[in-house]
Amino acid sequence: MSSLTQGPPEALVTNPTSERQDTVRERKRRGSIRPTLAPWAFLAPAIVLFVLFLVIPIGYAIYLSFVGLRVDGGAFGKRTQVFVGFENYVSYLTNPEFIASFGRLALFGFIAVPLTLGLALLFALLLDLPGVKATRFARTAIFLPYAVPGVIATLLWGFMYLPTTSPFNYALNAIGLPDFDFLSSNSIYGSLANIAIWAAVGFNMIILYTALRSIPAEIYEAAKLDGAPEWRIAWHIKIPLLAPALLLTLLFSLIGTLQAYGEPMTLRTLSSSISYSFFPLMKIYRDAFGTDDVSGAAAASVVMALGTLLISILLLRVLQRRTFDNAR
Amino acid sequence: MSVLAPDRRRTRTRIVPTIVLLLGALYTLIPIIWVISASTKTSGELFTTFSFLPGTGFIDNIIDLSTFNNGQYWLWGLNSLIYAGGGALISTLVSASAGYALARFQFRGRALIFTILLAGVLLPQITLAIPQYFLMTNLGLANTYWSVLLPSIINPFGIYLACIYAQGSVPEETIEAARIDGASEFRVFRSLALPMMLPGLVTVFMLQFIGIWNNFLLPFIMLSDESMFPLTTGLYLLLNRGTGTPVLYTLAITGALISIIPLVAMMLFLQRYWRLDLLSGSLKG
């Protein structure tokens, strides 16, 4: 199967001269001139859209992040846009509200990411275990939340957190315990993380499960014949072989965490524990549209995009190195 | 595997793992069960009766939801269908064509395009939404259907998947044979490659459809006219106003239930056509 490690490098290795020779040779062999325009025609719609909706917005954001409004000429001066260098970046990155929003995001991520991946791995390994019943039902049920939008998921959980409609508090009261406040400023992180886990565990489980199924059974036949218990096979053979898929799910989860927006915004309508600048993206949105600090918001967007790109490249490097090691 | 398993231990039902999996299923199903029972309650019952007991107001809730602002809810549903259906369809075609070109043509600049594409995969679409809004404003397209539809069409990950799928399912020789027979490149793509790539394209379509349907930030930023909202932003609006008028809570809950039915149904129905192994296999190495 083709892969991230195979696709581009294979193309990169081919040096221009040999490629040209190949083309010439192929032309001769086929006795016709291969249209060199065709691939570009097939790519054209994608390239146009890519430039319009990815390259230009990024370029524009970068431009905006380096300019600011300056007032010249005293009290009645004109406001003009001038180049301000890294000023927007410095002021945004040292903004206590922005730093605090990152702290909150980190706290949320520390709960949500490991639990999501841990549960996804557990369920995937259990699905792969011989002798386990009801796997088809469990697999479908656990994957189901993937089809539920984050806003809807938050709406459902939000009502189950709300003291007046919570089934959990009903159950607690029934056994003589007091209400639990799921929306207090302390428990809000766990409550938000729970929604994220609920939404993402199935998707990650399917990725890990399909990766498990593609491992040839012969690899653990020997261990089985030696009478190794299933948990040892899982720990010593399956999990190490799953490492690349686990890294991939980690990458998806981290990117997903950085982008948390719809869920906290929706839960905000039910809880006063979530402020308008609770998570970084909420603060950026507010600055861009609420307080009109477009330059600051652009600088923050660029920082977020660069940060995500950096995490992705780092993780993919590890992924590639591991794949190479396995191949050797 | 089972042929090589003569001992009975392996075929015996494993109770504890089965229970753990069923607990996982219960966890994911609880909110679904809750919303089904909550949508049958009148707004009085919602706050007074036990959550999982059915109420008496289901039909009234549906009527209230349908008549709310002259059927605004159904308009939101239609909008979601337009954004997700139209966006995913065009996106899949664009991805298929670009993926096919990258997989089955050798040309200068292919490596460069691939690298740029990969960077696009890794870039969070969501941090783009605010700059995209400024672009749309400058083009005079903000607060139109196009402002949500157009940015949803370009999907680097879809192109990447289509490319992998073309490499795996469209044999080089078949293309060659058709070319020798004098078929144009476009015809080769449309009549040969596209049908061969179809199973993989279903996956690309589904991923994109669900992605657009579930998107909140992009329509939230682009649209100010409520009549153009998709379901996600529409229900957020209901919930936001519900703080003042609890009757809207019942509408939001009933609306949430109805909005997940088509997606869940589609997911269950198309489950067998999904090729998620493509997704993990592609990046597994």
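Within the stretch B:65-76, is even one residue more than 24 Å from A:THR164 (Cβ to Cβ) and among the small types (Gly, Ala, Ser)? Within the stretch B:65-76, one or more residues are more than 24 Å from A:THR164 (Cβ to Cβ) and among the small types (Gly, Ala, Ser). Checking each residue in the stretch B:77-102 for being open to solvent by 10 Å² or more (accessible area, probe 1.4 Å) and of a type in the set (A, V, I, L, M) picks out B:LEU78, B:LEU81, B:ILE82, B:LEU89, B:ILE90, B:LEU93, B:VAL94. Select from the stretch A:97-146 the residues that are outside any helix (DSSP H, G or I) and open to solvent by less than 40 Å² (accessible area, probe 1.4 Å) and list them in ascending order. Listed by number, the residues that qualify are A:LEU129, A:PRO130, A:GLY131, A:VAL132.
Of all the residues that make up the stretch B:36-50, how many are assigned to a helix (DSSP H, G or I) and either surrounded by 18 or more Cβ atoms within 10 Å (Cβ to Cβ) or of a type in the set (S, T, N, Q) (or both)?
Going residue by residue through the stretch B:36-50, those that are assigned to a helix (DSSP H, G or I) are B:36-38, B:43-48.
Applying the additional criterion that residues be either surrounded by 18 or more Cβ atoms within 10 Å (Cβ to Cβ) or of a type in the set (S, T, N, Q) (or both) yields B:37-38, B:43, B:46, B:48.
The total comes to 5.
A:LEU254 meets the conditions (1) of a type in the set (A, V, I, L, M); (2) more than 9 Å from every other protein chain (Cβ to nearest Cβ); (3) farther than 26 Å from A:PRO149 by Cβ in every case but one. The failed one is (3).
The set of residues in the stretch B:122-152 that are in contact with a helix residue (DSSP H, G or I) (Cβ under 9 Å, 6 or more places away or on another chain), open to solvent by 10 Å² or more (accessible area, probe 1.4 Å) and more than 18 Å from A:SER301 (Cβ to Cβ) comprises B:LEU139, B:LEU141, B:ASN143, B:THR144, B:TYR145, B:TRP146, B:LEU149, B:LEU150, B:SER152.
Residue by residue, here is whether (1) assigned to a helix (DSSP H, G or I); (2) open to solvent by 20 Å² or more (accessible area, probe 1.4 Å); (3) without any contact (Cβ under 8 Å) to a residue 12 or more places away in the chain; (4) more than 8 Å from chain A (Cβ to nearest Cβ) holds:
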{"position": "B:VAL16", "(1), (2), (3), (4)": "yes, yes, yes, yes"}
{"position": "B:ILE19", "(1), (2), (3), (4)": "yes, yes, yes, yes"}
{"position": "B:ALA25", "(1), (2), (3), (4)": "yes, no, yes, no"}
{"position": "B:THR28", "(1), (2), (3), (4)": "yes, no, yes, no"}
{"position": "B:PHE52", "(1), (2), (3), (4)": "no, yes, no, no"}
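Residue pairs whose Cβ atoms lie under 9 Å apart, sitting 6 or more positions apart in sequence or on different chains, and linking a residue in the stretch A:62-77 that is on the phi < 0 side of the Ramachandran plot and modelled with pLDDT of 85 or more to a partner that is among the aliphatic types (A, V, I, L, M) and open to solvent by 40 Å² or more (accessible area, probe 1.4 Å), are A:SER65/A:VAL303; A:VAL67/A:VAL82.
The values are calculated or read from the model by the stated rules, or taken from the named source; none is laboratory data. Only a predicted model underlies this, so the values are computations on that prediction, with no experimental measurement involved. Neighbour counts are summed over all protein chains in view; Cβ atoms, including those assigned to glycine, are modelled from backbone coordinates with ideal geometry. Protein only, heavy atoms only, side chains kept; ligands, DNA and RNA dropped before computing areas. Shrake-Rupley method; radii C 1.70, N 1.55, O 1.52, S 1.80 Å.
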